[in-house]
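The values are calculated or read from the model by the stated rules, or taken from the named source; none is laboratory data. As the structure is a prediction and not an experimental result, all values here were calculated from the model. Cβ: placed from backbone, ideal geometry, glycine included. Neighbour counts: every protein chain shown.
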Amino acid sequence: MSEIPELVRKRAEKTIHGLCQQQINRSGLEYCLSSRKCDDGFEISATPCGQVTFVPLARLLFSCELGQWTLHRPRTENRWSYVPEAGGALDMTRLIRYLENDPLNIFW
């Protein structure tokens, strides 16, 4: 595993921080988001606001070889699947928008 370049990592942290500052409304519930660093990227978790159990929602992973971010969804407890419909992106913001809009209803 290669380390994420510092400038890419800092920009991603700022983008993720902005995402986690907002609440997302899905199916009549307000969700609060949190993030944590993981190998090669970040994991985003969600919980209905006011509750304490966070559920893994997505991972944004960076490929140093390709110089781009990819979006992944949970499959089982420790397995994740790449979301090919989201594609790869040089700027994580496009993948965040895909996650927020969830056009295939796979995250929410």
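Here are some notes:
- Here region 61-108 is the region considered, the condition is being assigned to a strand (DSSP E or B) and in contact with a Lys or Arg (Cβ under 6 Å, 6 or more places away or on another chain), and the residue that is nearest to residue 34 (Cα to Cα) is 72.
- Criterion applied to 94, 11, 26 was being modelled with pLDDT under 90 and surrounded by fewer than 18 Cβ atoms within 10 Å (Cβ to Cβ), and the one residue passing it is 26.
Every residue, every condition in (1) in contact with a helix residue (DSSP H, G or I) (Cβ under 6 Å, 6 or more places away or on another chain); (2) under 17 Å from residue 10 (Cβ atoms); (3) surrounded by 14 or more Cβ atoms within 10 Å (Cβ to Cβ); (4) of a type in the set (A, V, I, L, M, F, W, C), yes or no:
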residue: 64; (1), (2), (3), (4): no, yes, no, yes
residue: 67; (1), (2), (3), (4): no, yes, no, no
residue: 73; (1), (2), (3), (4): no, no, yes, no
residue: 77; (1), (2), (3), (4): no, no, no, no
residue: 101; (1), (2), (3), (4): no, no, no, no
residue: 106; (1), (2), (3), (4): no, no, yes, yes
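- Restricting 75, 94, 79, 59 to residues that are of a type in the set (Lys, Arg), closer than 21 Å to residue 108 by Cα and touching a His at 6+ places or on another chain (Cβ under 8 Å) narrows the list to 59.
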